[in-house]
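Colleague: Sharing a structure here in structure tokens format.
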Amino acid sequence: MRNPNGQVACLKGENHPNPSMDFKPLNSSEVEFMHKIKFQGIDELIDSLKMVHDFALYHTDLSLDTTEKMALFNLKILWESLEKLVKC
């Protein structure tokens, strides 16, 4: 996300300029959320999201409707986005 100085913040604490993005600065609750993610351990959180996704999808006999499939897809988007933030 874009800092007030125009740089994009990464979860690793590095900043990379990216003129193609135009984001507003993070508010205090968003900053607190990012700190909690970093404190918990980003890689551990990614692994947990993958495990819950795979368990629900591959290791259950419950039928999945559209709502449940969308929830699993949202988990996948979340862990993939976290992986991208860790790589920058």
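Colleague: Accessible area per residue for the stretch 38-88 in Å², computed with a 1.4 Å probe and the full protein assembly in place, what is it?
Modeller: Numbers: 4010 Å² over 51 residues.
Accessible surface, normalised per residue, equals 79 Å².
Colleague: Then there's this: Want the number for Glu80 to Asn27: 0.36 nm per residue separation, take away the alpha-carbon distance, what's left? Don't jump to the answer; show the numbers that get you there.
Modeller: Numbers: separation 53, 0.36 × 53 = 19.08 nm, distance 2.32 nm.
Roughly 16.8 nm would be gained on extension.
The values are calculated or read from the model by the stated rules, or taken from the named source; none is laboratory data. Here the structure is a predicted model, which is why all the values come from computation and not from measurement. Areas reflect the complete protein model, heavy atoms only, side chains present, ligands, DNA and RNA absent. Shrake-Rupley method; radii C 1.70, N 1.55, O 1.52, S 1.80 Å.
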